[in-house]
Amino acid sequence: MSSEPWTIERIRDALGSPDLAQRFLSEINRAPAHELLQVFAKWERIAKNLTAAFDDDTVTAVQRGEEPDGRWIDGTDRLRQAADRFHSHGAA
């Protein structure tokens, strides 16, 4: 996992889904100044959880615009855990 700081761009990229990225950008752009950090922190958690739910090599390949290497990755348990974390933090 990268030690780079989380930025709006990095969160957008980590979300993967264009629809989810658009939702994030819409929320961050519409947030009043006093709510910006709260909105950013919410989406940072979501991005971190999504990144943790997948194999790092696969995520890196997809972020570079490449196809995953074709290995079967059974991420059912990791996705279930990520969903549980999302719900416990109030993310939709």
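Only the coordinates and a few stated rules stand behind these numbers; no lab work does. Keep in mind that this is a model prediction, so the values were computed, not measured. Positions of Cβ are generated from backbone atoms using ideal geometry, with glycine treated the same way; all protein chains shown enter the neighbour counts.
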Scanning region 26-50 residue by residue, those assigned to a helix (DSSP H, G or I), aliphatic (A, V, I, L, M) and surrounded by fewer than 16 Cβ atoms within 10 Å (Cβ to Cβ) turn out to be Ala33, Leu36, Leu37, Ala41
Pairs needed: first member in region 6-30, within 14 Å of Arg64 (Cα to Cα); second member anywhere, in a loop (DSSP other than H, G, I, E, B); C-beta distance under 9 Å; at least 6 residues apart or different chains.
Arg10/Ser2; Arg10/Glu4; Ala14/Trp6; Gly16/Phe54
